[in-house]
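Written below as structure tokens is the structure these notes are about.
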Amino acid sequence: MGRRVGTGPGSRPTGKPVPLRRDPRFQPCATEPGDELYPNGIFEFNISRLIAFISAHPERFPTETVELSEIPDYGSSDRLDDAAVQTADLSRPVLLAEIAPARFSLIDGHHRVAKARRMMATTITAFRVRCPDHVSFLTSANAYETYVEYWNSKLL
């Protein structure tokens, strides 16, 4: 059996992905002025709140070393602010979210990844946030409903 992730409802071993059950009481993650948001298509995440949650639960989210080759490069580094890339703090872990079963997407740390690649690094430190731990950080009910359908369709 895999390592346990979380201790509350929806917690599961990291082995076999499980279907998500729609929660009729789902409340979108609130946003405050200054919160960093990451839109991944319809799935917008409140990064500021997710990082605060990770920081408050270090035992649930250990840092790990990830091969940069595991993080797709869609050419986005050319569209990033060069000054922000140069000053990116590589001591801060990037954030990878399990968007589909066993498929992780970079949702925070694009400037850090670009800097690491420019420095010819082969690895970077990351937090991996497995489903369903990131679901409560979606910022709209529509994104939540769509995500539950999307996730479950990937299990078929």
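Values quoted throughout were computed directly from the atomic coordinates according to the rules given, and no laboratory measurement underlies them. Just so it is clear, the model here is predicted, and its values are computed rather than measured. All Cβ positions, glycine included, derive from the backbone under ideal geometry; neighbour counts span all protein chains shown.
Can you put VAL129, VAL66, VAL18 in order, fewest other beta carbons within 10 Å first?
By the 10 Å Cβ count, ascending, the order reads VAL18, VAL66, VAL129.
Summarise the long-distance tail of P(r) for the chain by giving the % of C-alpha pairs beyond 24 Å. Intermediate results must be reported in sequence, preceding the final value.
Numbers: 4175 of 12090 pairs.
Value for the chain (Cα pairs over 24 Å): 35 percent.
For the chain, find the longest principal axis of its Cα atoms and tell me its angle to the long axis of helix 47-56, 0 to 90°, nearest 10.
80 degrees
Please report the antiparallel percentage of the DSSP beta bridges confined to region 40-156, to the nearest 5.
Details: 11 of 15 bridges.
That works out to approximately 75 percent antiparallel.
Return a whole-number percent for the relative contact order of the chain, with Cα pairs under 8 Å and 6 or more residues apart as the contact set.
Relative contact order of the chain: 32 percent.
Mean residue ellipticity at 222 nm from the helices of the chain, using -39,500 (n - 2.57) per DSSP H segment of n ≥ 4 over the full residue count, to the nearest 500 deg cm²/dmol?
That comes out to -7500 deg cm²/dmol.
Using Cα springs under 10 Å in a Gaussian network model of the chain, which residue among VAL85, VAL135, VAL94 shows the largest mean-square fluctuation?
VAL85
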